[in-house]
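Enquirer: Handing you a structure now.
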Amino acid sequence: MLSDKNFHLKYTLTVASRADSVEKMDFDLYKSRDKDYIKMGDAQVVIHDGTFLLVVNHEVRTIRFSDDSSNLQSKNMLVSNFVSIIDSSNSIAYTAKDNLFTYALSFPKDYGYESLELVFSKKTKNLVSIYAVFSPDYNAEMKYIQVAYQEPDFKWTPAATFPDTETYITRLNGRYVIQEAFDNYKTY
């Protein structure tokens, strides 16, 4: 996806632990140029506003904020470049079925992943899902992760106040002040 397009993208992240527990969380990503707003279920909000990073965790009642110049280098890419992970694979299998095309990658035993599946829409060329199985030899608490994407909404238009950092924090006289509704949150 191009970093200069506005869009809203919904997706679901599923994580399975080695202890066989499975957790799912729905995400909403809103992006406009160098600004983005990620709503992680009801648990957390992450906002980039240019070089400003704001993380509000409602479960542990914390607010973290900082200047994040690395955000400009990343250009708010939704998905990282897959070149390095593809180069690390042993094999790649391609299949096409039901208006989807799938790349299934396998990896050496000493690699963090055992396998990775990338599924794309034939029609839109957008990423539909990622399914990654961690290697049993890799010291990870997770067994697998899956991300299921909905089609992005490129007609979404941000409000004038987007990404709404002022909901949580404002800058007064050169310092940041927490909004009254979040006074009981710890700040970092």
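Enquirer: Could you grab me the full set of residues in the stretch 94-136 that are touching a residue at least 24 places away in the same chain (Cβ under 8 Å), touching a Lys or Arg at 6+ places or on another chain (Cβ under 8 Å) and surrounded by 12 or more Cβ atoms within 10 Å (Cβ to Cβ)?
Expert: Across the stretch 94-136, the qualifying residues are LEU100, SER135.
Enquirer: I've got another one for you. From the residues in the stretch 137-161 that are part of a loop (DSSP other than H, G, I, E, B) and polar (S, T, N, Q), which one is surrounded by the fewest Cβ atoms within 10 Å (Cβ to Cβ)? Working first, answer last.
Expert: We begin by selecting, within the stretch 137-161, every residue part of a loop (DSSP other than H, G, I, E, B); these are 137-141, 150-152, 154-161.
This time we only want the ones that are polar (S, T, N, Q), so: 139, 150, 157, 161.
On the way: ASN139: 7, GLN150: 13, THR157: 9, THR161: 9.
For the stretch 137-161, the residue satisfying everything is ASN139.
Enquirer: Just checking, does the stretch 60-77 include any residue being modelled with pLDDT of 95 or more, open to solvent by less than 40 Å² (accessible area, probe 1.4 Å), of a type outside the set (Lys, Arg) and in contact with a helix residue (DSSP H, G or I) (Cβ under 9 Å, 6 or more places away or on another chain)?
Expert: Scanning the stretch 60-77 turns up at least one residue that is modelled with pLDDT of 95 or more, open to solvent by less than 40 Å² (accessible area, probe 1.4 Å), of a type outside the set (Lys, Arg) and in contact with a helix residue (DSSP H, G or I) (Cβ under 9 Å, 6 or more places away or on another chain).
The values are calculated or read from the model by the stated rules, or taken from the named source; none is laboratory data. The structure displayed is predicted, hence computed values, not measured ones. Neighbour counts run over all protein chains shown; Cβ positions are idealised from the backbone, glycine included. When the accessible area is computed, the model is the full protein with side chains, heavy atoms only, and any ligands, DNA or RNA have been set aside. Shrake-Rupley method; radii C 1.70, N 1.55, O 1.52, S 1.80 Å.
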